[in-house]
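Below: the structure, in structure tokens.
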Amino acid sequence: MDKNVGGYDRPLRFLLGAALLTYGYQNRDRTIGTLAFVAGSDIFATAIIQRCPLNALFGIDTCGEE
């Protein structure tokens, strides 16, 4: 598996993922909170492993950007 998440994309994914995880946890008793938590988990995970299936599907590679 080639990495395709890097540059400015990776820190933005960390921030957005953390924000969604926080919002989801605070609103865990509502459906929107659960959905936000799941989405935040996915975005945060793609930042950690530096691999995004949607980027691969569309041919986007942000590893070389800095």
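Of note:
- Compared with the dominant principal axis of the Cα atoms in the chain, helix 31-49 is inclined by about 30°.
- When the helices of the chain are scored as -39500 (n - 2.57) per DSSP H run of n ≥ 4 and the total is divided over every residue, the value at 222 nm lands at -21000 deg cm²/dmol.
- Structure-derived Rg/Rh (Cα atoms, Kirkwood Rh) - corresponding label in (i) 0.94; (ii) 1.16; (iii) 1.07: (iii)
- Cα-based helix-to-principal-axis angle, 9-26 vs the chain, degrees rounded to 10: 10 degrees
- Per residue, the accessible area of the chain comes to 70 Å² when a 1.4 Å probe rolls over the protein heavy atoms.
The values are calculated or read from the model by the stated rules, or taken from the named source; none is laboratory data. Quick caveat, the model's predicted, so the values are computed rather than measured. Please note that ligands, DNA and RNA were not included when accessible areas were found on the heavy atoms of the full protein model with its side chains. Shrake-Rupley method; radii C 1.70, N 1.55, O 1.52, S 1.80 Å.
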